[in-house]
Every structure is written in structure tokens, then in C-alpha cells.
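What follows is one structure encoded as C-alpha cells, with my remarks underneath.
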Amino acid sequence: MKILPRSAFGQTVLLIGFLLFINQVVSYISFALYVVQPSQQQINQLLAKQVRVVFIDIKDARLSPKMAEAFHRETGIGVYRERDALKLGLASAAYYPYRSEQMSTLLGGHAEVRISEGDEYLFWIRPPQAPSLWVKIPLLGLEEASISPLIFFLGIIGLLSVMGGWLFVRQLNRPLKSLQKAAKDVGRGDFPQPLTEHGTTEIMAVTQAFNHMSKGIKQLEEDRNLLMAGISHDLRTPLTRIRLASEMMSELDDFLKEGIENDIDDMNNIIDQFIDYIRHDSKDKAELDDLNQLVEEVLNVETPSDRNITLTVGDCPKIPLRYIAVKRALANLIQNALRYTDGDIEVYTGLDKNKERVYVIVSDHGSGIPDADIERLFQPFTQGDKARGTEGSGLGLAIIKRIVDTHGGSVELSNKGEGGLQAKVLLPVKF
């Protein structure tokens, strides 16, 4: 399973988010090392000096009650025996090992620091000068120094930065989405209007090159259609004259006349196939239509009186179809099955397991074709001369494949185990 995104959009957003996360971590560590830690050291030094002032002349652990009361009145610093300190809040104060180590270093002996929070921060210090006493030192304004707001603001800045990066990359990749859609349209034979050139200079250069390419392909398509139309017209004129001349032949030459007329019909059919291959109704607009109804129409027209074609329809939603083009493709499939086999033919329609494509299956009971020839038969001007005959121009399957490709579908040929060939056309439910 792929964890990292594969699109340029996802990778860019992930990169921006990762860099911002590293920046936030470095900022947090730098703030802790160069702002918070020096401030704590200064506070500890101040507390240590105040403790030294309290015990500057003391010789033992005893402290005059009057002196303690006067000192507390003037400075707010109180000195208490442990039983009294426990009643005044020492019992709920939290022990701070790091501050205790620093205070021990500053006071020159083992010291213990505890802190209780309320309306004010109360530092409880057991000094090495008097281990039986606790010094209570209140500090105002320290609650504003909490780093929780800092973490909150860093998180907000990071979130806004990622959102800004996401919007920037989305705006940057929007022209690529239009370019992708236009490229698919050109691949199906549709030529959209020239894309608007906007975005970065690189994107604009690519869009300009695509517009130039699309214009060239469209011009080539139009020239080819014009050429084929001219060839068709120029060929049909002499063919008509030949047919007219054959009609004037004597009855003694009927066998020759019949051969000439058959050759003229074959040539007209080949010309029609050329035109179908070139045109393939790419300019028709795809509209929602019923595939089952289309198949029934094709069978009503193509089924001869002396052949049997069985239709089994499944549940098919309406899908985008170029109706005439798909009708021509299915008619070619039915004609191929009728031309190369003598038995019954089965046609099936339905929806695939993923419910993303509908299918039409044309199944016959002929001799099939070699597996090695299946892909080759989809190439233009290729005939299955080694398997199913040599009639036609070799454009039938190529026309079918081209029409189905313009719908974003696929054509599959396979030999059945019990004998015969199965042609399966798959068309997407969403165009």
C-alpha cells in the first residue's frame, strides 16, 4: 500500500507541511533554550539570593518568630517549620527535581524546591542552611509566562501556513487539470477550444505548446477527411460509369457482367469502410441512452431470415453514447459473426461486477481464431486470412476498436473453451 501521495499536488503539500513542522520544532527548541531556560535560571538565582538573605546571620536552625513575622510583612517571604508549612499549602505543592538540582548548586548543599499554583506562584524551598525549615517565596506575574499559549500560536501559524500552501499548490495545478481534460478530449477525437494560458511561465509554455499541437492535429484530421472525401468522389464516378457500361453488355456476357457488378459492390463497400474509419462520428455528442434498446435495434436490422440470434439482456443503466457510432460498431460485430459462422449466435448485455462498465457480448460457434492473431486483427488493413476468411478491407475490427476507444471503453476477443469466438465490448457508465 502506498503511504506517500503520488500526485505533484499531494507531494508538494506534504513537503510544505513537513518543512513547517521542522521549522516549528526548531523554533520551539530555540525558544526553550534561549528564552525559557535563561529565565528559569534568573528566577532560581533570585530565589537563591533571597534565601541567603533570610539566613545571612543564622547560626542554627532556630529562627526568631518576631524576625520571621517582620520579614514576611516587609517582603512577603515566610519561613515556617515543616508542620506549619504543610498546613499552609506545602502538602499540595509539586516537587521539581530540575529546579531542586539548580537550587542545590546555588545554595551549596542539598535543597528541595516545590511549587504550588493559585492566585500566585508559591515557591517552597528547603535550604541546606536550615533543613528543618521551609521558605515560602511568592512570585507574581509568572503565570503569564506559561508556554501553552506559545504552543497554541505555533500550531495556528503552522495550520494557516499549510492551508496557504494547499491553496497555492491547488491554484498552481488547476491549469494542469484543464490540460489533462483537454488531452483526453483530443485523444477521443474531440478538439476543444484553445486553452487559456495562465499560471506560471512553465505551465503557460506547456499550455501554448499543447494548443499548437491540438491545432495541428485538428488541421491534419480535416485534411485527411478532405482527402478521403475527394478520393471517394473520384473513385465512385468511374465505378458508376463501369456499372452503366456493364448494363449495356449483351446477354451472352451475363457471367462477365455479374462479376463486374460484384467487384463494383465490393469496391463501394471498401470505400464506405475507409470513410467510416476516418470519420468514426467523432463530432457526434455523447448523450445518455439505453444500450439494450440500441442492441435490439441493431439485431432487428442485421438478423437475416435464415439465421438465429438469441438476445439475453441484463440490467444496464443509461450511459453516454454516440448513438450512431456505437450502432455501427455493434452492427459490424454482428456482421462478422454472421459472415464467418453458420451456427446460432448469442448476444448478452449487462453490468460488470464493479458497476462501472456495461458490456455487450457477441458469441458464435465457429472455428475461432489463433490466440496469436487476436491483437493483430485490431490493426487497420489486417485480415484474418489464416482463420476466418479474407473478405473485406481489414478495417472492420479497427473501426470497432476506434469507436469504442472514443467512448473510453475496450474491446476483447477470446476463444471459447467449447469452440467459437466471443467478442466483448465494455463501455464506461461515466464518460
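The values are calculated or read from the model by the stated rules, or taken from the named source; none is laboratory data. All values reported here derive from a predicted model rather than from experimental measurement. FYI the Cβ positions are ideal-geometry reconstructions off the backbone, even for glycines, and counts take in every protein chain you see.
Annotation note: of ILE29, ILE43, the sole residue that is surrounded by 13 or more Cβ atoms within 10 Å (Cβ to Cβ) and either of a type outside the set (Asp, Glu) or modelled with pLDDT under 75 (or both) is ILE43. Within region 329-375, the residues that satisfy the criterion of being under 17 Å from VAL425 (Cβ atoms), in a helix (DSSP H, G or I) and not aliphatic (A, V, I, L, M) are ASN332, GLN335, ASN336. For the residues THR349, THR382, THR390, THR303, the requirement of being of a type in the set (Val, Ile, Thr), surrounded by 13 or more Cβ atoms within 10 Å (Cβ to Cβ) and at pLDDT below 80 singles out THR382.
Run down LEU413, LEU427, LEU397 and say which single residue is assigned to a helix (DSSP H, G or I), modelled with pLDDT of 75 or more and among the hydrophobic types (A, V, I, L, M, F, W, C).
On the way: LEU413 fails: assigned to a helix (DSSP H, G or I); LEU427 fails: assigned to a helix (DSSP H, G or I).
When all the criteria are applied, what remains is LEU397.
Kindly establish whether GLY314 is assigned to a loop (DSSP other than H, G, I, E, B) and touching a Gly at 6+ places or on another chain (Cβ under 7 Å). Here the answer is yes, as GLY314 does meet what is asked.
Have a look at GLU222, GLU197, GLU202 and point out the one that is surrounded by fewer than 17 Cβ atoms within 10 Å (Cβ to Cβ) and either touching a residue at least 40 places away in the same chain (Cβ under 8 Å) or outside any helix (DSSP H, G or I) (or both). Among GLU222, GLU197, GLU202, only GLU197 is surrounded by fewer than 17 Cβ atoms within 10 Å (Cβ to Cβ) and either touching a residue at least 40 places away in the same chain (Cβ under 8 Å) or outside any helix (DSSP H, G or I) (or both).
Kindly indicate which of MET228, MET267 is of a type in the set (A, V, I, L, M) and farther than 30 Å from LEU321 by Cβ. Let's see the steps before the verdict.
Details: MET228 fails: farther than 30 Å from LEU321 by Cβ.
The conditions single out MET267.
Do we have any residue at all in region 336-351 that's under 17 Å from GLY417 (Cα atoms) and under 37 Å from the mean Cα position of the chain (by Cα)? Among the residues of region 336-351, not one is under 17 Å from GLY417 (Cα atoms) and under 37 Å from the mean Cα position of the chain (by Cα), which makes the answer no. How many residues, within region 177-194, are within 12 Å of PHE210 (Cβ to Cβ) and in a loop (DSSP other than H, G, I, E, B)? Number satisfying all stated conditions: 3.
In region 160-176 there is at least one residue that is of a type in the set (Phe, Trp, Tyr), at pLDDT 75 or above and under 30 Å from GLU197 (Cβ atoms).
Condition check for ALA183 on (1) over 28 Å from GLY17 (Cα atoms); (2) at pLDDT below 80; (3) surrounded by 13 or more Cβ atoms within 10 Å (Cβ to Cβ): one failure, at (2).
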